[in-house]
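One structure is given here, and the rest of the page talks about it.
The values are calculated or read from the model by the stated rules, or taken from the named source; none is laboratory data. Values in this document were obtained by computation on a predicted structure and should not be read as measured data. Just so you know, the surface numbers come from the protein's heavy atoms only, side chains and all, with ligands and any DNA or RNA stripped out. Shrake-Rupley method; radii C 1.70, N 1.55, O 1.52, S 1.80 Å.
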Amino acid sequence: MLGPPGSGKGTQAAQLSKELGLPHISTGDLFREHLSKNTPLGQRVKAFMESGQLVPDEIVLEMLFERISKPDCASGCLLDGFPRTIPQAEALEKALSQGDKILALNLEVSDETILKRLSGRLSCKKCGQVYNRFLAPSQKEGVCDRCQGTLYQRDDDRPEVVRERLNVYHKQTKPLLDYYRRKGVLRNIKGEETPENVLQQLWREIEADERLA
Ligand code: AMP
(Lines give C-alpha, C1' and ligand atoms only; values in the text may rest on other atoms or scores of the structure.)
Protein backbone atom coordinates (compact mmCIF):
# COMPACT_ATOMS: atom_id res chain seq x y z
CA MET A 1 0.00 0.00 0.00
CA LEU A 2 1.42 3.32 -1.07
CA GLY A 3 0.41 6.84 -0.15
CA PRO A 4 1.56 9.76 1.96
CA PRO A 5 1.67 9.49 5.76
CA GLY A 6 -1.89 9.74 7.05
CA SER A 7 -3.48 8.62 3.78
CA GLY A 8 -5.22 5.73 5.53
CA LYS A 9 -2.84 2.92 4.59
CA GLY A 10 -2.80 1.48 8.10
CA THR A 11 -6.57 1.61 8.60
CA GLN A 12 -7.30 0.07 5.22
CA ALA A 13 -4.54 -2.53 5.43
CA ALA A 14 -5.87 -3.69 8.82
CA GLN A 15 -9.35 -4.21 7.34
CA LEU A 16 -8.08 -5.87 4.15
CA SER A 17 -5.84 -8.11 6.21
CA LYS A 18 -8.90 -9.46 8.06
CA GLU A 19 -10.92 -9.91 4.90
CA LEU A 20 -8.13 -11.46 2.81
CA GLY A 21 -6.65 -13.51 5.64
CA LEU A 22 -3.17 -12.16 4.94
CA PRO A 23 -0.83 -10.65 7.55
CA HIS A 24 -0.65 -6.85 7.74
CA ILE A 25 2.97 -5.79 7.98
CA SER A 26 3.64 -2.18 8.85
CA THR A 27 7.31 -1.25 9.07
CA GLY A 28 6.32 1.84 11.10
CA ASP A 29 4.48 -0.36 13.65
CA LEU A 30 7.43 -2.76 13.83
CA PHE A 31 9.78 0.15 14.54
CA ARG A 32 7.41 1.60 17.16
CA GLU A 33 7.34 -1.78 18.89
CA HIS A 34 11.16 -1.77 19.03
CA LEU A 35 11.07 1.81 20.35
CA SER A 36 8.60 1.01 23.12
CA LYS A 37 10.65 -2.02 24.18
CA ASN A 38 13.84 0.02 23.89
CA THR A 39 15.61 -2.72 21.92
CA PRO A 40 19.02 -2.07 20.27
CA LEU A 41 17.19 -1.67 16.94
CA GLY A 42 14.78 0.77 18.60
CA GLN A 43 17.73 2.84 19.81
CA ARG A 44 19.22 2.91 16.32
CA VAL A 45 16.04 4.20 14.65
CA LYS A 46 14.76 6.60 17.35
CA ALA A 47 16.36 9.81 16.07
CA PHE A 48 15.27 9.18 12.47
CA MET A 49 11.68 8.53 13.46
CA GLU A 50 11.40 11.44 15.84
CA SER A 51 12.63 13.89 13.22
CA GLY A 52 10.39 12.52 10.44
CA GLN A 53 13.33 11.15 8.42
CA LEU A 54 13.41 7.74 6.83
CA VAL A 55 15.30 4.99 8.59
CA PRO A 56 18.30 3.92 6.41
CA ASP A 57 17.40 1.28 3.84
CA GLU A 58 19.71 -1.45 5.17
CA ILE A 59 18.08 -1.34 8.62
CA VAL A 60 14.55 -1.41 7.17
CA LEU A 61 15.39 -4.22 4.76
CA GLU A 62 16.92 -6.46 7.38
CA MET A 63 13.90 -6.11 9.65
CA LEU A 64 11.37 -6.48 6.81
CA PHE A 65 12.95 -9.58 5.27
CA GLU A 66 13.22 -11.22 8.64
CA ARG A 67 9.47 -10.63 9.12
CA ILE A 68 8.27 -11.73 5.68
CA SER A 69 10.33 -14.91 5.81
CA LYS A 70 7.99 -16.21 8.53
CA PRO A 71 5.54 -18.96 7.54
CA ASP A 72 2.44 -16.77 7.89
CA CYS A 73 3.62 -14.75 4.85
CA ALA A 74 3.93 -17.81 2.59
CA SER A 75 0.71 -16.96 0.69
CA GLY A 76 1.37 -13.23 0.60
CA CYS A 77 1.06 -10.20 2.82
CA LEU A 78 -0.09 -6.60 2.91
CA LEU A 79 2.84 -4.25 3.15
CA ASP A 80 2.01 -0.90 4.73
CA GLY A 81 4.68 1.82 4.74
CA PHE A 82 7.09 -0.29 2.72
CA PRO A 83 8.72 0.25 0.26
CA ARG A 84 9.43 3.92 0.75
CA THR A 85 12.44 4.35 -1.54
CA ILE A 86 13.43 2.99 -4.96
CA PRO A 87 16.29 0.89 -3.48
CA GLN A 88 13.77 -0.70 -1.07
CA ALA A 89 11.44 -1.53 -3.99
CA GLU A 90 14.34 -3.02 -5.96
CA ALA A 91 15.45 -5.11 -2.98
CA LEU A 92 11.89 -6.38 -2.52
CA GLU A 93 11.67 -7.37 -6.15
CA LYS A 94 14.99 -9.23 -6.00
CA ALA A 95 13.83 -11.15 -2.96
CA LEU A 96 10.61 -12.37 -4.59
CA SER A 97 10.30 -15.99 -5.56
CA GLN A 98 9.12 -17.04 -8.99
CA GLY A 99 5.37 -16.61 -9.25
CA ASP A 100 5.20 -13.90 -6.58
CA LYS A 101 3.29 -10.84 -7.70
CA ILE A 102 3.14 -7.24 -6.54
CA LEU A 103 0.10 -4.99 -6.68
CA ALA A 104 0.85 -1.38 -5.72
CA LEU A 105 -2.28 0.21 -4.28
CA ASN A 106 -1.81 3.95 -4.00
CA LEU A 107 -4.07 6.07 -1.78
CA GLU A 108 -4.24 9.57 -3.25
CA VAL A 109 -4.71 12.29 -0.62
CA SER A 110 -3.78 15.99 -0.89
CA ASP A 111 -1.18 17.60 1.37
CA GLU A 112 -3.86 19.88 2.81
CA THR A 113 -5.98 16.93 3.97
CA ILE A 114 -2.90 15.13 5.31
CA LEU A 115 -2.02 18.10 7.52
CA LYS A 116 -5.57 18.15 8.94
CA ARG A 117 -5.66 14.41 9.49
CA LEU A 118 -2.25 14.02 11.12
CA SER A 119 -2.37 17.06 13.38
CA GLY A 120 -5.56 15.63 14.92
CA ARG A 121 -4.63 11.95 14.90
CA LEU A 122 -4.78 10.10 18.21
CA SER A 123 -4.06 6.40 18.70
CA CYS A 124 -4.98 4.04 21.49
CA LYS A 125 -1.96 2.88 23.50
CA LYS A 126 -3.60 -0.47 24.16
CA CYS A 127 -5.34 -1.61 20.95
CA GLY A 128 -3.95 0.79 18.31
CA GLN A 129 -7.40 2.07 17.23
CA VAL A 130 -7.01 5.42 15.47
CA TYR A 131 -9.17 8.53 16.11
CA ASN A 132 -9.04 12.15 15.00
CA ARG A 133 -9.55 14.96 17.46
CA PHE A 134 -11.38 17.04 14.81
CA LEU A 135 -12.70 14.57 12.23
CA ALA A 136 -13.51 11.41 14.21
CA PRO A 137 -13.23 11.97 17.98
CA SER A 138 -13.72 9.26 20.59
CA GLN A 139 -16.90 9.58 22.68
CA LYS A 140 -14.95 10.43 25.81
CA GLU A 141 -11.95 12.69 25.28
CA GLY A 142 -8.65 10.83 25.56
CA VAL A 143 -10.27 7.41 26.07
CA CYS A 144 -10.64 4.61 23.51
CA ASP A 145 -14.28 3.68 22.71
CA ARG A 146 -13.31 0.08 22.04
CA CYS A 147 -11.08 -0.87 24.97
CA GLN A 148 -11.03 2.18 27.30
CA GLY A 149 -7.27 2.51 26.70
CA THR A 150 -5.55 5.91 26.82
CA LEU A 151 -5.27 7.88 23.57
CA TYR A 152 -1.99 9.58 22.69
CA GLN A 153 -0.49 11.66 19.91
CA ARG A 154 2.46 10.05 18.11
CA ASP A 155 5.64 12.09 18.58
CA ASP A 156 6.01 12.31 14.83
CA ASP A 157 2.47 13.72 14.39
CA ARG A 158 3.55 17.09 15.83
CA PRO A 159 3.01 19.77 13.11
CA GLU A 160 6.71 20.51 12.45
CA VAL A 161 7.49 16.80 12.08
CA VAL A 162 4.42 16.23 9.89
CA ARG A 163 5.69 18.86 7.46
CA GLU A 164 9.07 17.14 7.33
CA ARG A 165 7.46 13.72 6.76
CA LEU A 166 5.49 15.18 3.86
CA ASN A 167 8.68 16.65 2.34
CA VAL A 168 10.39 13.31 2.72
CA TYR A 169 7.38 11.61 1.09
CA HIS A 170 7.49 13.91 -1.95
CA LYS A 171 11.26 13.60 -2.39
CA GLN A 172 11.91 9.94 -1.59
CA THR A 173 8.69 7.94 -1.78
CA LYS A 174 6.61 9.55 -4.54
CA PRO A 175 9.09 8.43 -7.26
CA LEU A 176 7.84 4.90 -6.48
CA LEU A 177 4.57 5.76 -8.20
CA ASP A 178 6.37 6.12 -11.54
CA TYR A 179 8.44 3.04 -10.79
CA TYR A 180 5.33 0.87 -10.34
CA ARG A 181 3.38 2.66 -13.09
CA ARG A 182 6.08 1.68 -15.58
CA LYS A 183 5.75 -1.92 -14.46
CA GLY A 184 1.98 -1.75 -15.01
CA VAL A 185 1.11 -2.69 -11.42
CA LEU A 186 0.11 0.71 -9.99
CA ARG A 187 -3.56 1.24 -9.07
CA ASN A 188 -4.70 4.66 -7.89
CA ILE A 189 -7.40 4.89 -5.25
CA LYS A 190 -9.28 8.07 -4.30
CA GLY A 191 -8.21 8.25 -0.68
CA GLU A 192 -10.34 11.23 0.37
CA GLU A 193 -13.62 9.31 0.15
CA THR A 194 -15.19 7.66 3.22
CA PRO A 195 -13.23 4.69 4.65
CA GLU A 196 -15.98 2.33 3.41
CA ASN A 197 -15.73 3.72 -0.10
CA VAL A 198 -11.93 3.53 -0.09
CA LEU A 199 -12.17 -0.12 0.98
CA GLN A 200 -14.61 -0.81 -1.87
CA GLN A 201 -12.23 0.76 -4.40
CA LEU A 202 -9.39 -1.37 -3.05
CA TRP A 203 -11.47 -4.52 -3.35
CA ARG A 204 -12.43 -3.62 -6.90
CA GLU A 205 -8.76 -3.33 -7.89
CA ILE A 206 -7.77 -6.56 -6.16
CA GLU A 207 -10.64 -8.48 -7.76
CA ALA A 208 -10.01 -6.98 -11.19
CA ASP A 209 -6.39 -8.10 -11.18
CA GLU A 210 -6.28 -11.30 -13.19
CA ARG A 211 -2.73 -12.06 -12.04
CA LEU A 212 -4.04 -12.55 -8.49
CA ALA A 213 -6.95 -14.82 -9.46
P1 AMP B 1 4.74 5.14 9.49
O2 AMP B 1 4.08 4.60 10.69
O3 AMP B 1 4.64 4.22 8.30
O4 AMP B 1 4.32 6.57 9.17
O5 AMP B 1 6.31 5.20 9.83
C6 AMP B 1 6.80 5.99 10.89
C7 AMP B 1 8.30 6.24 10.69
O8 AMP B 1 8.99 4.98 10.67
C9 AMP B 1 8.70 6.91 9.39
O10 AMP B 1 8.56 8.32 9.47
C11 AMP B 1 10.14 6.46 9.25
O12 AMP B 1 10.98 7.16 10.15
C13 AMP B 1 10.07 5.03 9.75
N14 AMP B 1 9.77 4.09 8.64
C15 AMP B 1 8.68 3.26 8.53
N16 AMP B 1 8.75 2.54 7.41
C17 AMP B 1 9.89 2.90 6.77
C18 AMP B 1 10.50 2.52 5.56
N19 AMP B 1 9.95 1.61 4.74
N20 AMP B 1 11.68 3.11 5.23
C21 AMP B 1 12.25 4.01 6.04
N22 AMP B 1 11.73 4.43 7.19
C23 AMP B 1 10.56 3.88 7.57
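Carbon-plus-sulfur fraction of the accessible area of segment 60-208, 1.4 Å probe, in percent?
48 percent
Given just the C-alpha atoms of segment 90-134, how large is their convex hull per residue in cubic angstrom?
With only Cα atoms used, segment 90-134 gives 149 Å³ per residue.
Taking one equal scatterer on every alpha-carbon of segment 13-116, how large is log10 of I(q)/I(0) by Debye at q = 0.13, 0.21, 0.23 1/Å?
-0.54, -1.30, -1.42
Whole-Hz Karplus ³J(HN,Hα) for segment 187-193, in order, using 6.51 cos²θ - 1.76 cosθ + 1.60 and θ = phi - 60°, x for Gly and Pro?
So the Karplus estimates, Gly and Pro as x, are 10, 8, 10, 6, x, 9, 6 Hz.
Could you state the accessible area per residue of the chain in Å², with a 1.4 Å probe and every protein chain left in place?
That works out to 56 Å² for each residue.
Using the Cα atoms of segment 90-213, I'd like the radius of gyration and the largest Cα-Cα distance, Dmax, both in angstrom.
My reading of the Cα-based Rg and Dmax gives 17.5, 50 Å.
Direction-averaged shadow area of the convex hull around the Cα atoms of the chain, nm²?
11.6 nm²
Among bridges DSSP assigns within the chain, what percent are antiparallel (round to 5)?
Antiparallel bridges make up about 45 percent of those DSSP assigns within the chain.
Find the eigenvalues of the gyration tensor of the Cα atoms of segment 65-148, then list the square roots of 5 times those eigenvalues as equivalent ellipsoid semi-axes, largest first, in whole angstrom.
34, 18, 10
Listed here are the pairs 94/125; 9/126; 70/116; 46/190; 70/140; 46/94; which of them are more than 30 Å apart at the Cα?
94/125; 70/116; 46/190; 70/140
Counting pairs of Cα atoms in segment 139-208, how many percent are more than 16 Å apart?
71 percent
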